[in-house]
Amino acid sequence: RFPQVKAFVTQDIPFYHNLEMKHLPGADPELVLLSHRYEELERIPLSDMTREEINRLVQELGFYRKETPDAPVPEEFQFAPAKPLPTLPPPQAPATGINTPLKRDRGEHPDL
């Protein structure tokens with residue numbers, strides 16, 4: 001049904017560190033991004049993407065691609081694509097007494 005996605009799953013996923021495939025019969029293929037606590041961050045539909053587009057996407061997201069499926073992963077990429085949490089300035093008492101939440105751009109996942 002989705003030959004490009006199937007080619008990515010069978011031929012490319014084995015090269016990526018920390019990228020797993022779970023087959024759900026009848027479901028459209030999508031990439032589900034999870035935090036280090038396994039909390040869902042985002043779902044990206046893959047149905048209309050080519051194999052090349054999916055490869056480009058996962059690399060842009062920071063997944064490490066190995067030379068061969070069983071090649072060792074360098075230590076600095078063991079937790080890839082996880083990014084270090086941003087360092088926040090020390091909390092200060094708000095001048096107005098109103099707490100305003102931190103704003104983050106949509107699609108930005110520091111704990112991916």
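Considering only DSSP states other than H, G, I, E and B, which chymotrypsin sites (Phe, Trp or Tyr not before Pro) in segment 1-62 qualify as loop sites with at most 14 other Cβ atoms within 10 Å?
In loop regions of segment 1-62 (DSSP not H, G, I, E or B), the sparsely surrounded chymotrypsin sites (Phe, Trp or Tyr not before Pro) are TYR38.
What number comes out for accessible area per residue over segment 1-86 if the probe is 1.4 Å? Units Å², please.
72
Could you list which residues have their amide H under 5 Å from that of THR50, counting only those 5 or more apart in sequence or on another chain, with H placed in the peptide plane?
Distant-sequence amide H within range of THR50: zero hits.
With the full set of protein chains in place, find how many percent of the accessible area of segment 3-77 is carbon and sulfur; take the probe as 1.4 Å.
Its accessible area is 51 percent carbon and sulfur atoms.
Using θ = phi - 60° and the Karplus form 6.51 cos²θ - 1.76 cosθ + 1.60, what ³J(HN,Hα) does each residue of segment 62-70 get, whole Hz, x for Gly and Pro?
Ordered by residue, 3J(HN,Hα) equals x, 5, 7, 9, 7, 5, 9, x, 9 Hz.
With +1 on the Cβ of every Lys and Arg and -1 on the Cβ of every Asp and Glu, and nothing else charged, how large is the dipole of segment 3-77 about its Cα centre, in debye rounded to the nearest 20?
That gives a dipole near 180 debye.
The values are calculated or read from the model by the stated rules, or taken from the named source; none is laboratory data. This is a predicted model, so every value here is computed, not measured. Note that each Cβ is placed from the backbone with ideal geometry, even for glycine, and that neighbours are counted across all protein chains shown. Just the protein is used for accessible areas: all its heavy atoms, side chains included, with ligands, DNA and RNA removed. Shrake-Rupley method; radii C 1.70, N 1.55, O 1.52, S 1.80 Å.
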